[in-house]
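The values are calculated or read from the model by the stated rules, or taken from the named source; none is laboratory data. Here the structure is a predicted model, which is why all the values come from computation and not from measurement. Every residue, glycine among them, receives a Cβ derived from its backbone with ideal geometry; neighbour counts consider all protein chains shown. Only protein heavy atoms, including side chains, enter the accessible area calculation; ligands, DNA and RNA are left aside. Shrake-Rupley method; radii C 1.70, N 1.55, O 1.52, S 1.80 Å.
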Amino acid sequence: MTTTGSPASGAAVGFGVLGPVECRDGAGLPVRLGGPRHREVVARLLVARRRVVPVDRLVADLWEEPPPGATGAVRTFVAEVRRALEPARRPRTPSRLLATEGPGYVLRPAPGAVDAWHFEAEVARAAGLAPADAAPVLDAALATWRGPAYADFPGARWAHAERARLAELRLHAVERRADALIRSGAPREAVWDLDAHVAEHPWREDGWHLLATALLRSGRQGDALGVLRRARRVLADQLGADPGPGLARLEREVLRQADHPDEAAPATGDEVWSSAAAAYEGSVPARSPARLEATASLLRELAVTGAGGLGAARRHRAAAVAAAERTGDAELAARVIGVYDVPAVWTRVDDPDAARTVVRAAERVLARLPEDAPETVRARLLASVAVESRGDALAEGALPRAADPPGRAREPWRRRAQQAAAEAESAARRLHDASLLAFALNGTFLQSFAHCGQAARRDATGAELVRLARTHGLLGPEVLGRLIRVQALAGLGDLPGADHQATAADHLADRYERPLARVFTTWYRALRTTLATPADLTATEAAYAEAVALLPTCGMPGFATGLPALTRLAPVVRAGALPAPEAFTEADWGPYDPWVRPLLLLGDARPDEAREALRTAPRPPHDLMAEPMWCLLARAAALAGDPVLAARAAAALGPAEDQQGGAASGLLTFGPVAEYLAEAREAAGG
């Protein structure tokens, strides 16, 4: 039994309800609560899970026909329990463990101080672990049971629903432990417990399926077939029902193997996938919460397989989140949202509406999570908020004007996203959870664009991701970390360092089938051609032609849209010239149009319209393209004679003065930021 400290007395108190109700102090010694009614008061307050129970409700629950003076008796029970729980509390000092609030009482142990709450948290934690890690966690959690929940109050109506819920959760944990043992290659260890499990709970088809599977995986084909036939008889006798499709399918598979023993040849990957999928269909009931979690995990893996997988994952994720929310189980919804830790290196979301949907769902679930929810679950939700809030994903309506002074109060979503990133990272470090830290650092990276000139900070984040990933064998975070470093080192002018990271990212992408990484490294190499041989326009055009050719099939519209036109504009801008209108009549500027438009108007000899476009231009995005867009505004403001916007652009670009404008995107450059700064400062009168 775990314990909790009482702020009033310093005593440590733990409660047990998985069996007879008991209480122990910090030394593990029993606390004498008094008679049965005293223990029932404690148990009834624990069922309320840190919520106030009115005195009249306590009276009604403790007696079917309350005797005279029942209310006074309850108050006496509470006073005596308080003295037992906090013997060192000074007279007239309010109790913060068993408090009087409004019309009743509330018992507030810490989340881990009640064995049932601890059991629930451990079962939830195991759901996010690999089978080999989940089995011992579930084993330890099941060992906390000393008998039926609230065993000394079998007839109490107030305990009925909670006792049934905990009993069902225990059966679920028994089955998930067995499943974890089977999946981790220890099916023999699962057989004995499962045999007892189906004998005691013969109506649970999952138990029969797991037992037959464990026997089959242990080489006991005949016994597996016998179990399946016994299940058929029992279900028919006790429920008048035939086995479900999962059991029937497994029985056919066992019979097929028995009839054709010589066909047991090495299976192909596709055959293993089909068999595993069939086994999952049979072992996990339809509409089970486990299916939602498995679906979310599958979507995470699907998203990194290439353009088609990424698009499909994006389409189905919102539906999975909505389905999880509809269950009313906040922790389930949190796990479905938080498991999608797909590495994100590009800072503009592909589908802003979907991103907003996920963020709003995450915030709702955060507000509904019980206080004793595992901290990892909460931290993954916060990381999800940070990742999905990148760029201007949450902006609805017009952004602030570029010429306006920076005012964070107008963009509350940015403050919230940055706070979420910081809280997730802090929690991950405190918990020493490597995969959670990798997810949180992704959020930290995506929220590091409040100011220009942050390439060095992002390089440090990327380097930590690489170290973390290599220490703990995390493939996705290593690819992410190396791509972040490619961008940052390019922005810092360290081309050999960026080359090394790009080569390493390519090696990982080829070895582990991560094709989208090649999109970013190919674009980097086009940028590198520009930086290394700026006068060789032929080589630059050829390199960008190769990079642009990848865009139609990359599955990332937020990345691809507008880039081809910018690569054609870049050499013109670097040369200090204005774009000729006829050269860009068919150009699709995509999301970059507001910052390109003033220069196009100036190139078309329409200065008044250019000044109006500058006046209404929104501030550049908080993402990898912020610096190049500020460069365009700085030049246009200088040429159009807009001192206000020129001063604003100079202030924004100042921290990046020694960098190449746009190179930190890993995509393209408009040339040295220092040149644009000089133009903007002169136009601003500085």
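A few remarks follow.
- You will find that of Glu86, Glu64, Glu101, the residue that is surrounded by 13 or more Cβ atoms within 10 Å (Cβ to Cβ) and not aromatic (Phe, Trp, Tyr) is Glu86 and no other.
- Checked against the criterion of being modelled with pLDDT of 90 or more, open to solvent by less than 10 Å² (accessible area, probe 1.4 Å) and of a type outside the set (Phe, Trp, Tyr), the candidates Val81, Val59, Val106, Val52 yield just one match: Val106.
Residue-by-condition table, conditions (1) open to solvent by 20 Å² or more (accessible area, probe 1.4 Å); (2) at pLDDT 95 or above; (3) under 20 Å from Pro564 (Cβ atoms); (4) of a type in the set (Asp, Glu):
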{"residue": "Phe439", "(1), (2), (3), (4)": "no, yes, no, no"}
{"residue": "Leu483", "(1), (2), (3), (4)": "no, yes, no, no"}
{"residue": "Pro496", "(1), (2), (3), (4)": "yes, no, no, no"}
{"residue": "Thr540", "(1), (2), (3), (4)": "no, no, yes, no"}
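- Residues in the range 146-161 that are surrounded by fewer than 19 Cβ atoms within 10 Å (Cβ to Cβ) and not small (Gly, Ala, Ser): Arg146, Pro148, Asp152, Pro154, Arg157, His160.
- If you go through the range 18-33 and pick out every residue that is open to solvent by less than 50 Å² (accessible area, probe 1.4 Å) and part of a loop (DSSP other than H, G, I, E, B), you end up with 6.
- Residue among Thr444, Thr503 that is of a type in the set (Ser, Thr, Tyr), part of a helix (DSSP H, G or I), open to solvent by 10 Å² or more (accessible area, probe 1.4 Å) and without any contact (Cβ under 8 Å) to a residue 24 or more places away in the chain: Thr503
- Boolean, Ala383 is out of contact with any strand residue (DSSP E or B) (no Cβ under 6 Å at 6 or more places or on another chain) and touching a residue at least 24 places away in the same chain (Cβ under 8 Å): yes
- Residue within the range 417-437 that is part of a loop (DSSP other than H, G, I, E, B), modelled with pLDDT under 90 and either open to solvent by less than 40 Å² (accessible area, probe 1.4 Å) or not aliphatic (A, V, I, L, M) (or both) present: no
- Subset tally (residues that are more than 32 Å from the chain's Cα centre (by Cα) and either outside any strand (DSSP E or B) or of a type in the set (Lys, Arg) (or both)) for the range 657-676: 11
- Comparison of Glu168, Glu189, Glu175 shows that the only residue that is open to solvent by less than 40 Å² (accessible area, probe 1.4 Å) and part of a helix (DSSP H, G or I) is Glu175.
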